[in-house]
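Here, each number is a calculation from the coordinates, and none is a lab measurement. Note that this is a predicted model, so its numbers are computed, not measured. Quick reminder, even Gly has a Cβ in these numbers, built from the backbone with ideal geometry, and neighbours come from all protein chains shown.
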Amino acid sequence: MRPPLKIFYMEDDSQLADLLDCRLKKLGYDVCGHADNAGAAVDGIRTSEPDIALLDIELQGRNEGIAVGDYLLNNTDIPFVYMTGHDESEILEQARRTVPDGFLLKPFDERQLRVAVEMAMRKD
């Protein structure tokens, strides 16, 4: 049996962060860290060395998640999945350019979360 996947997530809404944390743990994943801004996310990812990152695209009105996705694409081998409540074509195009390993449109349920994580990890 493989050890639990280590997951780092970035979410600025504290209620959604708590819900995501609970869902990930219920699914058997190891939440190795979380952040509510891009700088803290990059630092946390460097420190915790997760197997996968879940990134909210829009934080405090800016597309900070895309900046972190770009960092991961160009500096690590860590797969990442975007999470967003927005489906505007401009944001999706910016996200697509960073070659994410998955995409979750909020609100999503536990099953959708598990499938997104497992599919992203299968790309290795």
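Values as computed for the structure displayed
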{"read-out": "Contact order normalised by residue count of the chain, Cα under 8 Å, 6+ apart, percent", "value": "22 percent"}
{"read-out": "Residue order, fewest to most surrounding Cβ atoms within 10 angstrom, among Met10, Met119", "value": "Met119, Met10"}
{"read-out": "Pair Lys25, Phe103: separation of 7 Å Cα→Cβ label points (nm)", "value": "3.2 nm"}
{"read-out": "Net charge, Asp56 excluded, C-beta distance under 12 Å - Lys, Arg +1, Asp, Glu -1", "value": "-4"}
{"read-out": "Residue exposure sequence - Leu54, Leu5, Leu105, Leu72 - by fewest surrounding Cβ within 10 Å", "value": "Leu105, Leu5, Leu72, Leu54"}
{"read-out": "Neighbour cut-off at most 13 other Cβ (10 Å), DSSP loop, GluC sites (Glu not before Pro), the stretch 83-124", "value": "Glu88"}
{"read-out": "Given (1) 7.0; (2) 7.7; (3) 13.3, the label whose value is mean projected area of the Cα convex hull in nm² derived from this model", "value": "(1)"}
{"read-out": "Helix-derived mean residue ellipticity, 222 nm - over the chain, DSSP H n ≥ 4, -39500 (n - 2.57), to 500", "value": "-13500 deg cm²/dmol"}
{"read-out": "Likely footprinting exposure, Lys106, Lys26, fewest C-beta neighbours within 10 Å first", "value": "Lys26, Lys106"}
{"read-out": "Net charge dipole size for the chain [Lys, Arg +1 and Asp, Glu -1 on Cβ; Debye, nearest 20]", "value": "520 debye"}
{"read-out": "Within a Gaussian network of the chain (alpha carbon springs, distance under 10 Å), most fluctuating of Asn75, Asn37, Asn63", "value": "Asn75"}
{"read-out": "Selection from Ile57, Leu27, Ala67 lying farthest towards where the dipole of the stretch 1-75 points positive, charges on Cβ", "value": "Leu27"}
{"read-out": "For the stretch 62-78 versus the stretch 2-16, the gap between their alpha-carbon centres in whole angstrom", "value": "16 Å"}
